[in-house]
There are 2 protein chains.
Amino acid sequence: MKEYKEATMLDIARELKVSKSTVSRALKDHPSIGKKTKKAIQDLAKKYNYHPNSIAYSLSKKSTKTIGVIVPLLSHYYFSTVISGIEELAYKSGYKVIICQSAESYDREVIVSQTLLSSKVDGLIVSISRETVNSDHFRLYQEKNIPIVFFDRVCADMEACSVTVDDYKGAFMAVEHLIKAGRRRIAHFAGPPLLQITQKRIEGYKDALFRYGIAFDGDLLIDCGAGLEQENGSLAAQEMLDRGVKPDAIFAICDPIAIGVMMTLKKNRINIPDEVAVVGFCDEPIARVVEPQLSSLVQPAFRIGETSIELLLQQIQGQDIIEKRVLTAELRIRESSSRRG
Amino acid sequence: MKEYKEATMLDIARELKVSKSTVSRALKDHPSIGKKTKKAIQDLAKKYNYHPNSIAYSLSKKSTKTIGVIVPLLSHYYFSTVISGIEELAYKSGYKVIICQSAESYDREVIVSQTLLSSKVDGLIVSISRETVNSDHFRLYQEKNIPIVFFDRVCADMEACSVTVDDYKGAFMAVEHLIKAGRRRIAHFAGPPLLQITQKRIEGYKDALFRYGIAFDGDLLIDCGAGLEQENGSLAAQEMLDRGVKPDAIFAICDPIAIGVMMTLKKNRINIPDEVAVVGFCDEPIARVVEPQLSSLVQPAFRIGETSIELLLQQIQGQDIIEKRVLTAELRIRESSSRRG
DNA sequence: TATGTTTACGCAACCGGTTGTTTAATCTAT
DNA sequence: ATAGATTAAACAACCGGTTGCGTAAACATA
């Protein structure tokens, strides 16, 4: 393996018998450098295929032009779409993006957040893991004046920018829709209890019932346990049926749960939507593939990503803001919750 | 916004009236530093919550302990699972991971690969975009002696490590399975022509037909166009039906295409699997959700990620290897290709 | 011609680490 | 007591950029 040496400013400087600082200034078109000198330096840089060493740049400028992103799981369509939104604007603004997964684990989240911290990211965008209750690892960022933006799943005990969808309203709309479709015994399959979204959606569910004069029935509020996967939905649904509870509609915390529920219903030969209507949350691509197609709340994932990075960049540029943007989810009605035949 | 200043080695050195180099050595337990001095330095470092500046480290050591990953899209379950495999081993070995998407665009791929290059990643793991034919942007890495490992979608014209599944064999198995299930007119919905996987799978398809004495029929080799999305499958299938071509089985380049095909078949009231059997490739979670459940080839995505990073780390540690690992896909038979009733 | 202003560039410190080489102090052996 | 070996720590260069400040030469003005 032969050694390869990158061309540096010093190399160019020596060859042209000028100083390093002149090269530095010439390359960024600084006015105090003469035209011929500038031209000569730029030409030689091109010839040597010179690229500035961004490590050195970062060290002297104390900015890495890098932002960190932590999501629970990349494999969720929602999160990867948010990331695409983040990347789009980040690249346009000259920022790189480092993406990390917490894998829904608090410990892992602490580790990656420290890794990103020591990588000197200029800012952080996070959706916390379902286990996270302590936010000390994020406080470290605030202490060092590194801006943070939370999206979707926020830390309840931190004052920071956030971008969320109106979970309360979304849940309310879903339940309202079910009521207007003639349902009365509406169950809610809830998510991990620690997450704010879980609580907000439960509130929206309850309030919609109340608004339409339907009494809340504790039997119909189902806890799916820690997971947000299909299996959790299937199991919880079977358990519910085994308990003899039979709703005429189900609003699930997210699409995978909804689909798990649907599979259990079908296995039990319960017709969807005639006997039980189902509505999910997130509108993952899978919602259009199941039969019947699943009604769901569309979260503007790309927009959430864009908004997050906007807020972050504003802070990086020195604005001292704490803004909590709330976007609205949109109800997409499909076959799984249509009116009874 | 009050200024925050990280503690540096110099701060510690000054307070203890020793030199910066002594601090550096004390913190890494170098033998040439006395016990008391060492203790004092380590204690003070703890007290100040000192963390080494990894930018400075990278600059002097010329290693960022970072590896770059470029995938076409994060939103594919396959890719995000591969990434999980990569991360697992990377973190264990003290490496950070920077993930980028090419968004299936050649131009974007060039940009992100240059970004990663100037970020001085110690190595690169790539699955190329479907547009990529030119690999000059990756050659730059080789020139600078930065190791690269390709997975799944490789550059045909580069000598480099790679990790792939045996596409030929996978396709062969799928088609063989269909033949053994009593099918004779087997269509193949192929992928983007530039990708090797497309070609390999076509070969496997043809050879399996040949092996069982079935003549290849050009009408049954369907081009899905540039995309690998569901819509492409749906459209191509409808077009095929409109042309009056009616196979009794379909092997699709990937699950989304297969599912698109299934949706068109259902829309045309063609029974799956009785009239037409369907097999996909990749075994995405969606395969178990469609009805009937889709037979598919399982790619060991996590394992592919692990293998890729293994090969990369070996090269980073100085081994001059060019290994092409080929893993085997496993056929998972479900309802969509079961024997005729 | 003497003075003041530009113009064009060099000098050197700095960012925060790593590391080869010296040096001073202490210890060992003769 | 003194030369030689050890030990403990300092010095200083280096990684590759950025930038404030200083200054010589060229030019304009009086």
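Annotation for the B:A interface, with buried accessible surface near 4400 Å², both sides summed [1.4 Å probe; non-protein components not counted].
Excluding ligands, DNA and RNA, the accessible surface per residue across the range B:50-159 is 34 Å² with a 1.4 Å probe. Would you check the accessible area of B:Lys20, probe 1.4 Å, heavy atoms only, in square angstrom rounded to 10? Surface open to solvent at B:Lys20 totals about 120 Å².
Each Cα pair under 8 Å and six or more residues apart adds its separation to the average, and for the range A:9-52 the resulting relative contact order is 32 percent.
Label point of A:Val298 (7 Å along Cα→beta-carbon): distances to the other copies' equivalent points are 3.6 nm, sorted ascending. For the range A:238-333, the share of DSSP beta bridges that are antiparallel, to the nearest 5, is 40%. Here the translational diffusion coefficient of chain A follows from Stokes-Einstein with Rh set to the Kirkwood radius across Cα pairs; for 10 °C and 1.306 mPa s it amounts to 70 µm²/s. Taking the DSSP beta bridges with both ends in the protein assembly as shown, the antiparallel portion is around 10 percent.
The value of relative contact order for the range A:52-144, using C-alpha pairs under 8 Å at least six residues apart, is 37 percent.
Pairwise Cα distances in the range B:9-52 exceed 11 Å in 58 percent of cases.
Largest mean-square fluctuation among A:Ala277, A:Ala156, A:Ala329, in a Gaussian network model of chain A whose springs join Cα atoms under 10 Å apart, belongs to A:Ala156.
Distance check, please: which entries in B:Lys246/B:Lys266; A:Lys120/B:Lys96; A:Lys120/B:Lys20; A:Lys20/B:Lys96; B:Lys35/B:Lys62; A:Lys62/A:Lys144 exceed 24 angstrom between their Cα atoms?
On the way: B:Lys246/B:Lys266 14 Å; A:Lys120/B:Lys96 13 Å; A:Lys120/B:Lys20 22 Å; A:Lys20/B:Lys96 32 Å; B:Lys35/B:Lys62 30 Å; A:Lys62/A:Lys144 13 Å.
Result: A:Lys20/B:Lys96; B:Lys35/B:Lys62 exceed 24 Å.
Structural descriptor for chain B: relative contact order 17 percent, calculated from alpha carbon pairs under 8 angstrom and at least 6 residues apart.
Take each residue of peptide B:202-210, count the partner chain Cβ atoms within 10 Å of its Cβ, and average: the result is 0.
Bridges between two residues of chain A, per DSSP, are antiparallel at a rate of about 10%.
Within a Cβ distance under 11 Å of B:Ile186, other residues only, what is the Lys/Arg minus Asp/Glu net charge? Result for the neighbourhood of B:Ile186: +1.
Helix-only estimate, please: 222 nm mean residue ellipticity of chain B, summing -39500 (n - 2.57) across DSSP H runs of length 4 or more and dividing by its residues, to the nearest 500. So the calculated ellipticity at 222 nm is -13500 deg cm²/dmol. Shielding value for A:51-63 is 5, the average number of Cβ atoms from other chains within 10 Å of each residue's Cβ. Over all other residues within a Cβ to Cβ distance under 13 Å of A:Ala13, the charged ones net out to +2, with Lys and Arg as +1 and Asp and Glu as -1. When chain A is treated as a Gaussian network with alpha carbon springs shorter than 10 Å, the biggest mean-square fluctuation among A:Pro285, A:Pro192, A:Pro72 belongs to A:Pro285. Put the Cα centre of the range B:1-41 next to the Cα centre of the range A:122-198 and the gap is 42 Å.
On the range A:9-52, 54 percent of the accessible area sits on carbon and sulfur atoms, based on a 1.4 Å probe.
With a Förster radius of 41 Å applied to the beta-carbon distance between B:Ile333 and A:Ile322, the computed FRET efficiency rounds to 0.15.
Note on B:Lys38: aspartates and glutamates with a C-alpha under 17 Å away, same-chain residues under 8 apart excluded, are B:Asp11, B:Glu15, B:Asp29. Here the accessible area of the range A:185-239 is 54 percent carbon and sulfur, with a 1.4 angstrom probe and all protein chains present.
The mean number of partner chain beta-carbon atoms within 10 angstrom of a residue's beta-carbon across peptide B:139-150 is 1. Between identical copies, the spacing of A:Glu275 label points, each set 7 Å from Cα toward the C-beta atom, reads 2.9 nm from nearest to farthest.
Here is how far apart the A:Lys61 label points are across copies: 2.4 nm, shortest first, using a point 7 Å from Cα toward Cβ.
Across A:Lys61, A:Lys38, A:Lys92, mean-square fluctuation computed from a Gaussian network of chain A (C-alpha pairs under 10 Å connected) peaks at A:Lys38. Heavy-atom accessible area, probed at 1.4 angstrom with all protein chains present, ranks A:His177, B:His51 as B:His51, A:His177, highest first. For the range B:246-290, which whole-number percentage of the solvent-accessible area (1.4 Å probe, protein heavy atoms only) is attributable to carbon and sulfur atoms? Ligands and nucleic acids excluded, carbon and sulfur reach 46 percent.
The values are calculated or read from the model by the stated rules, or taken from the named source; none is laboratory data. Nothing here was measured: the structure is a model prediction, and the numbers come from that model. All Cβ positions, glycine included, derive from the backbone under ideal geometry; neighbour counts span all protein chains shown. These accessible areas exclude ligands, DNA and RNA; they are computed on the full protein's heavy atoms, side chains included. Shrake-Rupley method; radii C 1.70, N 1.55, O 1.52, S 1.80 Å.
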